[in-house]
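What follows is a single structure, written as structure tokens, with notes after it.
The values are calculated or read from the model by the stated rules, or taken from the named source; none is laboratory data. Computed from a predicted structure; not experimentally measured. With ideal geometry, Cβ positions are generated from the backbone for all residues, glycine too; neighbour counts draw on all protein chains shown.
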Amino acid sequence: MPEVKENGTGLLSPKSASLSAACKLMLSGGLLSLFASVISLVDPRVYQEVVQSGTISRFLSFGSSVQDLITAPAALLLIVLTLKFSGQMKKPQDSQHSLSKGHIKTLMAMTGLGSYLFYGYGLYVIQGQYTSLYLVYLAIFSLTLYGVIAGIVALAQNKKVIVQIPHLLRRVISGFLMFILIILIPVWILRMQHDLYSRMPGEVYGVFVLDLGVVFPAIAYVIWQLIRKTNFGVMLAGVALIKALTLCLSVALGEILKPIYGFGQDVGMVLIFTLLTVVSGGLSLALFSRLEIEDNR
């Protein structure tokens, strides 16, 4: 006889199916990301070969190496959180009811880290960064994309709980996310103008594609949900802040290290992304420490 699962039909409930998919996809994406980032850090030939072929510039190679410095610990943390979460979900009392406060926090962090890996390796895939690891990048891009979707679906299915943060913190987070849109959308559009006039994509056109086409609309949706004071908005805000923290930290570190490697430094970009890193880190800490969850059954 087939094993009878929690809904008595031999099938997983929608919530359990989403959680299972999220864990499997993000664990796979995390393991591949850790592998790719560590290999790239210890073997300079990974990026040197594509620089020599003319596929990418030395500047992009530098940026990729800096990103690996953040990606490796982020991927390791995602692996640890996913394994811990998967172990907890094997307990019947944890899989049959709404997620607990600790579980929701962990899933939010996992989804945020997964979205960072999706973004980082999405850039490599979109921009055709054909290193010897390109197929690994493509796998990470796909796994983390669907892992993040499954994670968001699993968060949305917790309808029997009330998720709250202090009203002031909600307003501050909404304002910060709105600040990101107000500052970066015009900056990105201005930086695209040369590419548009020349009819040739620049080195970092993938950033414009992902930010203007995916990330910024998602941030706008999170802001809307926060304004509506929904449970989903609070959980998505946690995901967005973790993603913003890891990504902005990577960019800020790169901007700071530019002069050491012979590249010109843009002081404005240093200030913007250092500020975004500090604020997103502080707000992430505040949200995860002040998050309150009540049973609404």
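Every residue, every condition in (1) at pLDDT 90 or above; (2) basic (Lys, Arg); (3) out of contact with any strand residue (DSSP E or B) (no Cβ under 7 Å at 6 or more places or on another chain); (4) surrounded by fewer than 16 Cβ atoms within 10 Å (Cβ to Cβ), yes or no:
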| residue | (1), (2), (3), (4) |
| --- | --- |
| Phe35 | yes, no, yes, yes |
| Arg45 | yes, yes, yes, yes |
| Lys90 | no, yes, yes, yes |
| Gly102 | no, no, yes, yes |
| Met110 | yes, no, yes, no |
| Tyr116 | yes, no, yes, no |
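Among residues of segment 99-116 that are closer than 16 Å to Met89 by Cα and without any contact (Cβ under 8 Å) to a residue 40 or more places away in the chain, those with a Cβ under 8 angstrom from a residue that is part of a helix (DSSP H, G or I) and hydrophobic (A, V, I, L, M, F, W, C), sequence gap 6+ or separate chain, pair up as His103/Phe85; His103/Met89; Thr106/Leu81; Thr106/Phe85.
For segment 63-86, filtered to residues that are crowded, with 22+ Cβ neighbours inside 10 Å and of a type in the set (Ser, Thr, Tyr), the residue that is farthest from Leu247 (Cα to Cα) is Thr82. Pick out the one residue from Gly282, Gly254 that is surrounded by fewer than 15 Cβ atoms within 10 Å (Cβ to Cβ), among the small types (Gly, Ala, Ser), out of contact with any Lys or Arg (no Cβ under 7 Å at 6 or more places or on another chain) and in a helix (DSSP H, G or I). Exactly one residue qualifies, and that residue is Gly282. Just give me the residues in segment 166-182 being in a helix (DSSP H, G or I) and under 24 Å from Glu292 (Cα atoms), in sequence order. Of everything in segment 166-182, those that are in a helix (DSSP H, G or I) and under 24 Å from Glu292 (Cα atoms) turn out to be His167, Leu168, Leu169, Arg170, Arg171, Val172, Ile173, Ser174, Gly175, Phe176, Leu177, Met178.
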